[in-house]
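*Asks:* Here it is, the structure, as structure tokens.
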Amino acid sequence: MGMHMPKQDSGRSRITLFCLLAGVMLCAGGCKKNEVVVYTALDREFAEVTFAEFTEVTGIAVRPKFDTEANKTVGLTNLILAERNRPRCDVFWNNEILNTLRLKSEGVLQSCSPATAKYYPKQYRDPDREWFGFAARARVILVNKDIVKPDELPRSISDLTDPKWKQKVGIAKPLFGTTASHAACLFATLGSEEATAFLRQISKNAKVYPGNKQVALAVSKGEIAFGLTDTDDAMVEIAAARPVEIVYPDQADSQLGTLFIPNSLSLIKGARNSENGQRLIEFLLRPETEQLLAAGESAQIPLNTTGTATSRVATPHTIRAMSVDFNLAADKWETAAETVRDVFTIAN
């Protein structure tokens, strides 16, 4: 009796140990942590506030990876492509649209159906549900009021080609960020021939800067009379009480309208935490996120049709917006990029 009990206890211990080891092995092979990994190009200060709120509401931890100012969204896009066979990223939060569409064309995005997506205009939603646009920036002309008289104000992006303003206007080199997206949209809307001719005219007439921020700074310092930039960079100069004002270009009936480029959210194909990823996308597409971004320094533009966020800049609901097929723009990007490299390398 005394010898039998230790044998029985030993057997139970072995069974218990076996079960524990089996559980560990199963978890290592298939269990998912209660987290979601986000690659994001949004400014850290705004993203972290939103992620903290999501974690508080859902209990799901957010592990963000931010871009660097040097390579903007291109670096994150290339990283997602490099990891396509073993994805580490669950959700890509891009602050523009072109590189998101590049990922779609490469087949690394998967469809999802966040309930909150339906409250955004169709133009800013992928018909295949692989990306969702929200919180836009507008492509605008920032004008130095000390240089440009009221009756000389530019009214169209075509004014960047006016010889009267030769080397007194500016544009960011259109290979990255929203300027690249703008170039691709022009190729999709105007056609390759007209868009190429337009870029050639700009390259001969304008100073070319590394980015939109540098364009806005050049305008505010009086280095140039006006330049094409984004509303977020323009608003920084306005907030600093510089002698500048925003012109929303191409508002006449016969003109293209002002281009609005949204942030975009996508779920990565093969994501380890895809269910949590969809929950995060659904959470970010709430009006509260746009309200936070609209109130921030960058004054990003709400697109949600049910939201009540107040915008400090014009929105697609208040001015004539450029009608763009973003997927077609992505298809045109290789042609646009080749033209940009040719035109702006020759010009500079």
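*Asks:* How would you rank 175-183, 79-87, highest first, on the average number of other Cβ atoms within 10 Å across their residues?
*Replies:* Numbers: 175-183: 23.6, 79-87: 13.8.
So the peptides 175-183, 79-87, ranked by packing, come out 175-183, 79-87.
*Asks:* How far, in nm, would the chain grow between LEU328 and ILE147 when pulled straight, counting 0.36 nm per residue and subtracting the alpha carbon separation? Display every interim value, and only then the final one.
*Replies:* Numbers: separation 181, 0.36 × 181 = 65.16 nm, distance 3.83 nm.
Using 0.36 nm per residue and subtracting the Cα-Cα distance, I get 61.3 nm.
*Asks:* Something else about it: Could you check which residue among THR73, THR229, THR55 shows the biggest mean-square fluctuation in a GNM of the chain with a 10 Å Cα cutoff?
*Replies:* THR55
*Asks:* Add -39500 (n - 2.57) for each DSSP H run of 4 or more in the chain, then divide by its residues: what number comes out at 222 nm, to the nearest 500 deg cm²/dmol?
*Replies:* Details: 11 runs with 150 residues, N = 348.
So the calculated ellipticity at 222 nm is -14000 deg cm²/dmol.
*Asks:* For q values of 0.13, 0.15, 0.20, 0.26 Å⁻¹, compute log₁₀ I(q)/I(0) with the Debye formula on a Cα-only model of the range 126-192, without solvent.
*Replies:* -0.52, -0.67, -1.02, -1.34
*Asks:* Any idea how far apart LYS118 and LYS65 come out in nm if each label point goes 7 Å out from Cα toward Cβ?
*Replies:* For the pair LYS118/LYS65, the computed spacing is 3.5 nm.
*Asks:* Quantify how much of the Cα-Cα distance distribution of the range 297-348 extends past 18 Å, in percent.
*Replies:* Values: 773 of 1326 pairs.
Cα-Cα pairs of the range 297-348 separated by over 18 Å account for 58 percent.
*Asks:* Calculate the tail of P(r) for the range 42-183: the fraction of all Cα-Cα distances greater than 19 Å, expressed in %. Kindly include the intermediate steps, with their values, before the conclusion.
*Replies:* Details: 6485 of 10011 pairs.
The share of Cα pairs beyond 19 Å in the range 42-183 comes to 65 percent.
*Asks:* Which residue fluctuates the most in the chain, going by a Gaussian network model with Cα springs under 10 Å, if the choices are THR308, THR189, THR100?
*Replies:* Of the options given, THR308 has the highest mean-square fluctuation.
*Asks:* If you don't mind, there's one more thing I want to ask. What angle do you read, to the nearest 10 degrees and between 0 and 90, between the alpha-carbon axis of helix 212-221 and the longest principal axis of the chain?
*Replies:* It is inclined by approximately 40 degrees.
*Asks:* How large is the Kirkwood hydrodynamic radius of the range 175-222, counting all unique pairs of alpha carbons, in Å?
*Replies:* Working: mean 1/r = 0.0848 Å⁻¹.
The Cα-based Kirkwood calculation yields 11.8 Å.
*Asks:* Can you tell me the orientation of helix 326-347 relative to the chain, as the angle in degrees between its alpha-carbon axis and the longest Cα principal axis, to the nearest 10?
*Replies:* Approximately 50 degrees, to the nearest 10.
*Asks:* Could I ask something else about it? Starting from the eigenvalues of the Cα gyration tensor, five times each then square-rooted, give me the equivalent ellipsoid semi-axes of the chain, largest first, whole Å. Write down the numbers at each step before the final one.
*Replies:* Numbers: eigenvalues 470, 84, 61 Å².
That gives 48, 21, 17 Å for the three semi-axes.
*Asks:* Pairing the Cα long axis of helix 274-284 with the longest principal axis of the chain, what angle in degrees results, from 0 to 90 and rounded to the nearest 10?
*Replies:* 40
*Asks:* Once you have the alpha carbon radius of gyration of the range 154-265, what is it after dividing by 2.2 N^0.38 Å, with N set to its residue count?
*Replies:* Values: Rg = 13.5 Å, N = 112, 2.2 N^0.38 = 13.2 Å.
Relative to the 2.2 N^0.38 Å estimate, the range 154-265 comes out at 1.02.
*Asks:* A further question follows. Relative to the present Cα-Cα distance, how much length would full extension add between GLU275 and THR305 at 0.36 nm per residue of separation?
*Replies:* Once the chain is fully extended between GLU275 and THR305, it gains 8.2 nm.
*Asks:* Let me ask another. Hey, with R₀ at 35 Å, roughly what FRET efficiency would GLN201 and LEU81 work out to, going by the Cβ-Cβ distance, to 0.05? Walk me through the numbers on the way to the answer.
*Replies:* On the way: r = 34 Å, r/R0 = 0.97.
With a Förster radius of 35 Å, E is 0.55.
*Asks:* Given the C-alpha atoms of the range 96-164, compute the convex hull and give its volume per residue in Å³. Working shown, then result.
*Replies:* Working: hull volume 9.8 nm³, N = 69.
Convex hull volume per residue, Cα atoms: 141 Å³.
*Asks:* While we're looking at this one, here's another question. Given N residues in the range 215-348, what is its alpha carbon radius of gyration divided by 2.2 N^0.38 Å? Walk me through the numbers on the way to the answer.
*Replies:* Details: Rg = 18.1 Å, N = 134, 2.2 N^0.38 = 14.1 Å.
For the range 215-348, the normalised Cα radius of gyration is 1.28.
Laboratory data are not the source of any read-out in this text; all were calculated from the coordinates shown. Just so it is clear, the structure is predicted and the values come from calculations on it, not from any experiment. All Cβ positions, glycine included, derive from the backbone under ideal geometry; neighbour counts span all protein chains shown.
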